[in-house]
1. Looking at SER285, SER280, SER240, can you tell me which residue is without any contact (Cβ under 8 Å) to a residue 40 or more places away in the chain and small (Gly, Ala, Ser)?
2. Restricting to the range 7-25, name every residue that is of a type in the set (Asp, Glu) and either surrounded by fewer than 17 Cβ atoms within 10 Å (Cβ to Cβ) or over 16 Å from LEU57 (Cα atoms) (or both).
3. I'd like to verify a number: residues in the range 254-275 that are touching a Lys or Arg at 6+ places or on another chain (Cβ under 8 Å), basic (Lys, Arg) and surrounded by 12 or more Cβ atoms within 10 Å (Cβ to Cβ), how many?
4. Would you confirm whether or not the range 359-374 contains a residue that is of a type in the set (S, T, N, Q) and touching a helix residue (DSSP H, G or I) at 6+ places or on another chain (Cβ under 8 Å)?
5. For residues that are under 25 Å from PRO170 (Cα atoms) and among the hydrophobic types (A, V, I, L, M, F, W, C), tally how many sit in the range 115-147.
6. Just one of the numbered conditions (1) buried (at least 17 other Cβ atoms within 10 Å of the Cβ); (2) in contact with a strand residue (DSSP E or B) (Cβ under 6 Å, 6 or more places away or on another chain); (3) part of a loop (DSSP other than H, G, I, E, B) is not true of THR353; which one?
7. Only residues that are under 18 Å from TRP83 (Cα atoms) and in contact with a strand residue (DSSP E or B) (Cβ under 9 Å, 6 or more places away or on another chain): list them for the range 1-37, please.
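No lab work stands behind these numbers, since they all come straight from the coordinates. Predicted model only: the values in this text are computed from it and were never measured. Quick reminder, even Gly has a Cβ in these numbers, built from the backbone with ideal geometry, and neighbours come from all protein chains shown.
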Amino acid sequence: MLIEHKRIKLEQGKFLEVTGPAAVRLVSGEAVLMGKRLSDRDVVIVPQWRTYAFKALRDSELDVSVTKETVVKVADYNVAEEWERGLSEVVGLKRVVIAGPTDSGKSSVTATLVNLNLNENYEVSVLDSDVGQSNLCYPTMVCKARVKDYVFTLSDLEAEEHRFTGTITPSVERGRVVSSVASLARGRVVVDTDGWVDGYEAGCYKQELLRAVSPDAVVYLGKAPWWARGPWKLVELPPSTGKERSRQDRRSIRKNKYRKALEGCKSKDIDLNEVQPLFSVIFNSPWGDEALKESVRELIGVKPLIVIPWGTKVIAVVKKGSKYKKVKDVEVIEEGEERGLLVGLGDKRGNETLGEVIKIDYLSKIMKVKTCFKGRPEYVAFGRVKLSEDFSDKIYKKPF
């Protein structure tokens, strides 16, 4: 990767907008980034897909290390100035929720508010609730980190508490996402949210989330919709004008995070007779008797390993490669189809670690999982996302 070094002079009051990947260092003068006044000891790494706006408080010089993908521009105005002014109204409040559309700047606003709190010597944590494009957590997770120093990107923080929601989109598991966020919304915390904001269903979900958190203030990037209003202070800020990430970019980010979470982990055998399974139709429902198995066999043409009544339907697990008939009232799952399913392994404190199912022996209820969880889990929460060999993900639509 070709790297060039540029020395850029920045007049007082102007902004240097840098879209990464890049590295920036203040050489002389005085500049601020996301609420933090920079020193010549600060080397700021601008990640790919992100744009940082450095404001000169007086005439300054900055060194910028760039690649052919980096974009550098000097501007008279940047929304960061209005962000700092608007966020000053909510510094010190106990719970603040940051909301807005995808790529509107929520994570940068979160970092700015964190830094403004640190300027005033307030202790603060970040709670990232974006299960699909989190900067702090792995996909499918909600997590919380206590901030120990100034921060420009949430991915630099180390999460201390994790909750597995089993989904990469809150529309699939609204209740699990809301309850996970509520369980972590303690102390002085800034809550970063996902970009699902349009439509009635999104509004209902966000209202549930806000009522569960009970914030002192909501900061919305753009014109606040109906659901952002309630018994809390509402601050509207202009959205970011930075680069939007494509759907492919988002998939690539998730793949890299799954790889980081699971690559190098060992396999673990878990006895589901002893470890409590959660959110699983198969392991949280009574299995059918031999008479029901025989009835299902007559319908689909093969005898299932197990059958589970499921509303007006029946779930049947059959051996891999079985030649069965498709029947309206029977949902068939082949043995081995569970491979790649994501699960969360919980400890005694309710902290959860990501795992990937390798295989399940349905008759003995022994599950082999790839995970970095240490020791014996107290419970296993089943998810709705499956990974392929290259860590690509998809929503698993069959009941499990």
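1. Result of the check over SER285, SER280, SER240: SER285.
2. If the condition is that a residue be of a type in the set (Asp, Glu) and either surrounded by fewer than 17 Cβ atoms within 10 Å (Cβ to Cβ) or over 16 Å from LEU57 (Cα atoms) (or both), then GLU11 is the only one that fits.
3. Residues meeting the conditions: 1.
4. Yes.
5. Result for the range 115-147: 9.
6. Unmet condition: (3).
7. Those that are under 18 Å from TRP83 (Cα atoms) and in contact with a strand residue (DSSP E or B) (Cβ under 9 Å, 6 or more places away or on another chain): GLY13, LYS14, PHE15, LEU16, GLU17, VAL18, ALA31, VAL32, LEU33, MET34, ARG37.
Yes or no, residue by residue, for (1) among the β-branched types (Val, Ile, Thr); (2) out of contact with any Leu (no Cβ under 6 Å at 6 or more places or on another chain):
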{"residue": "GLY20", "(1), (2)": "no, yes"}
{"residue": "LYS55", "(1), (2)": "no, yes"}
{"residue": "GLU69", "(1), (2)": "no, yes"}
{"residue": "VAL79", "(1), (2)": "yes, yes"}
{"residue": "GLY86", "(1), (2)": "no, no"}
{"residue": "PRO101", "(1), (2)": "no, yes"}
{"residue": "ASN121", "(1), (2)": "no, yes"}
{"residue": "SER125", "(1), (2)": "no, yes"}
